[in-house]
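Rule-based calculations on the coordinates, nothing more; no lab input. Only a predicted model underlies this, so the values are computations on that prediction, with no experimental measurement involved. Positions of Cβ are backbone-derived with ideal geometry, glycine not excepted, and every protein chain shown enters the neighbour counts.
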Amino acid sequence: MSAEKLEKIFLSLTIFMLIVFLGALFWASFGLGMHLPDRVGQIDPTQVRTTAPFDNPGVFRVGENEYEVVALGFAWAFQPREIRVPAGAKVTFIATALDVIHGFHVEGTKVNFMMIPGQIARVEAVFARPGEHLLICHEYCGAGHHLMYGTVIVEEADWTPEDPDAPDEEPDTPPVAPDATPDGEVGA
Ligand code: CUA
């Protein structure tokens, strides 16, 4: 076989492979809908707890069938730990990390991104069927990495939170004690 012919074969193979790889890329992003999380901004990683919206993590109903999940990752937990949304709703995750890089992966779904200190990640998802998913950290983040998990509960499509304004995770505040007698006087 002449050298020219061999060269032609190699060139054709190379072009063919390039087309296949490009095709795989387009198929993954347009066909399967795989995307990197949108990078929506930077915040001071030391001020996360006092920077909106991360000063109030939780699950919020923001529209007719729309939910927003403001999530924090830190060694070694997620906040909120339990996320409850109805099937078919548009759910937007807005997340960052407090200390080191963590992962946010909702098992059995395409929700999978990194939580990076100071960087805000934004990912949209729709959970089609009711069910329970494990939420796991998939970036090694230290001794308690394997303990860092949460739950995503997908309720029936007609489910709504009782109080749409209340953050899901807030523990009930204890009843406020009645005002003490003025000047510390004890009733006679
Ligand atoms: Cu957080 Cu691993």
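Need the list of lysines near Lys110 for cross-linking: C-alpha distance under 24 angstrom, and skip anything on the same chain fewer than eight residues off.
Candidates past the 8-residue exclusion: Lys90.
Find how much the distance from Ala77 to Trp27 grows on full extension, using 0.36 nm per residue of separation minus their present alpha carbon separation; answer in nm with one decimal.
Between Ala77 and Trp27, full extension yields 14.5 nm more.
About the Cα centre, and with charges only on the beta carbon of Lys, Arg (+1) and Asp, Glu (-1), how big is the dipole of segment 38-155? Nearest 20 debye, please.
80 debye
If you plug each phi of segment 41-57 into the Karplus form 6.51 cos²θ - 1.76 cosθ + 1.60 with θ = phi - 60°, what whole-Hz ³J(HN,Hα) values come out, in order, with x for Gly and Pro?
Using θ = phi - 60°, the values come out as x, 10, 9, 5, x, 8, 10, 4, 5, 10, 9, 5, x, 6, 6, 9, x Hz.
Which residues' amide hydrogens lie under 5 Å from the amide hydrogen of Arg84, considering only partners 5 or more residues apart or on another chain, with H built in the peptide plane?
Hits under the 5 Å cutoff: Ile153.
Per-residue HN-Hα couplings for segment 85-95, Karplus 6.51 cos²θ - 1.76 cosθ + 1.60 at θ = phi - 60°, whole Hz, x for Gly and Pro?
Karplus-based 3J(HN,Hα) across segment 85-95 equals 9, x, 5, x, 7, 7, 10, 10, 8, 10, 9 Hz.
Please arrange Arg129, Arg84 by how many other C-beta atoms lie within 10 Å of their C-beta, fewest to most.
Arg129, Arg84
Students often check this: by mean Cβ neighbours within 10 Å, which of 25-35, 112-122, 56-66 ranks highest, and how do the rest follow?
So the order, starting with the most tightly packed, is 112-122, 56-66, 25-35.
Cα atoms only, segment 38-155: Rg and Dmax in Å?
Cα-based Rg and Dmax for segment 38-155 come out at 13.2, 41 Å.
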